[in-house]
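Below: one structure, written as structure tokens.
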Amino acid sequence: MTAGNNPSVYIKGVGSYVPEKILTNQDLSKVVDTSDEWIVTRTGIKERRVCENGQECSDIAVAAGRKAIESAGLHPSDIDAIIVGTITPDMIFPSTACMVQKKLGLENIPCTDVQAACTGFLYVLDMARGMLLTNHRYNNILIIGAEKLSSIIDWSDRSTCVLFGDGAGAAVIARTPAGATYGVNDIYLGADGSNPELLNIPAGGSSLTASEATLAQGQHFLKMNGKEVFKFASRVIVQASEEILNANNLSMDDVDIIIPHQANIRIIENASKAMKVPMDKFFINLDRYGNTSAASVPVAMDEAVSSGLIQAGHHVLLVAFGAGLTWGSALVKWH
Ligand code: UT7
């Protein structure tokens, strides 16, 4: 595979963490009018993880981050910056990245959050790449996708509560050693803010501040137009994959494994058909975790590495889409 861009940074270590508590489709069928059969047929999801009371987004982010640091052969003190992709920060501010810094016992290094919903990990990957290549102060940047989506779900809305779960995935990004051919070859990102209402939380920001009325109307919960988002996702997963392959003069035959955002098995099946790529090229874990938004891609990537599906020399395609609407893809040659 010859890519258009120099692989100037690489994924030095990966890690993930999901809460221990499992919520099955059977459990949900006792809370809302749904069934295991409907959820599995329409989404592929069988169960998801949810945080325990008191377990914060930054806690699971730290758990994933520690594993990524260890897998990179580093100590937390080697980390020069932290970027967290999340739509479920511990608080609106300060950033969850600052909470992660505190819990890792670090000081002074820059920390910030990025909000690109389910595409969050690809956005933070590109930002880490930019920081490493333009500022000599950074050598190892910890990037994390972490979500406690259980905190923003309306557990009485069957059209959304069956879809989402909690989890965190992390990676340490560093400059590729001189002469090495592995690393992040290219990243492609996009967004279309023209229809924010397709997937959002209407209240609690500065536009519609939290009040008794917004609380009574449940406007502090995640809202989604599932059908429209499904159409967008089925289209953009193909477009983002083809865009980055074409830009690098590559085809799907050059790709060893695809790590897609884990939203709905039917979206991945549609992509498989449209791109004429066998389903076994896509890594799938949505049956066990549901949609974990920004955590989805890094958790899947970590599991693909630890199960031996991603190995040195493999060409990996990451692809994601989500609220905003946002989308993105990345081409990585594993080390
Ligand atoms: O990560 C961000 C990206 N998000 C996504 O990619 C999600 C994209 N959207 C989807 O995955 C799908 O649209 C859903 C899984 C959310 C819904 O699947 P669908 O096949 O589009 O179902 P639908 O909304 O058309 O609903 C079909 C029926 C409706 O009943 P009627 O009106 O036909 O009588 C719904 O009320 O299924 C009903 N329904 C349910 N039934 C049992 C909706 N949710 C449920 C449920 N259990 N949980």
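The values are calculated or read from the model by the stated rules, or taken from the named source; none is laboratory data. Bear in mind that the values here come from a model prediction, so they are computed numbers and not experimental data. Quick reminder, even Gly has a Cβ in these numbers, built from the backbone with ideal geometry, and neighbours come from all protein chains shown.
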Just checking, which of VAL172, VAL184, VAL238 is within 16 Å of the ligand (Cβ to nearest atom) and outside any loop (DSSP other than H, G, I, E, B)? VAL238
Identify the single condition in (1) more than 22 Å from TYR123 (Cα to Cα); (2) within 16 Å of the ligand (Cβ to nearest atom); (3) free of Cβ contacts under 8 Å to residues at least 24 places away in the same chain that MET279 does not satisfy, given that it satisfies every other one. (2)
Restricting the stretch 124-144 to residues that are among the aliphatic types (A, V, I, L, M) and in a strand (DSSP E or B), the one surrounded by the fewest Cβ atoms within 10 Å (Cβ to Cβ) turns out to be ILE141
Pick from the stretch 299-335, criterion under 20 Å from GLY165 (Cβ atoms) and free of Cβ contacts under 8 Å to residues at least 12 places away in the same chain, ranking: surrounded by the fewest Cβ atoms within 10 Å (Cβ to Cβ): SER307
Hey, ALA168 on the phi > 0 side of the Ramachandran plot and under 21 Å from the mean Cα position of the chain (by Cα) or not: no
May I ask you to list pairs of residues, at least six apart or on different chains, whose Cβ atoms are under 7 Å apart, with the first in the stretch 144-159 being under 19 Å from ALA64 (Cβ atoms) and the second being of a type in the set (A, V, I, L, M) and within 12 Å of the ligand (Cβ to nearest atom)? GLY145/ALA294; GLY145/ALA295; GLY145/VAL297; ALA146/ALA294; ALA146/ALA295; GLU147/ILE87; GLU147/ALA294; GLU147/ALA295
Looking at ASN53 and the list (1) at pLDDT 95 or above; (2) away from the ligand (no atom under 14 Å from the Cβ), which single condition is not satisfied? (1)
Hey, does the stretch 273-292 have a residue that's in a helix (DSSP H, G or I), modelled with pLDDT of 95 or more and under 13 Å from the mean Cα position of the chain (by Cα)? yes
Name the pairs whose Cβ atoms lie under 7 Å apart, with the first residue in the stretch 28-44 and at positive phi, the second modelled with pLDDT under 95 and more than 8 Å from the ligand (Cβ to nearest atom), and 6 or more positions between them or separate chains? none
ALA203: passes all of (1) aliphatic (A, V, I, L, M); (2) buried (at least 18 other Cβ atoms within 10 Å of the Cβ); (3) within 16 Å of the ligand (Cβ to nearest atom) but (3)
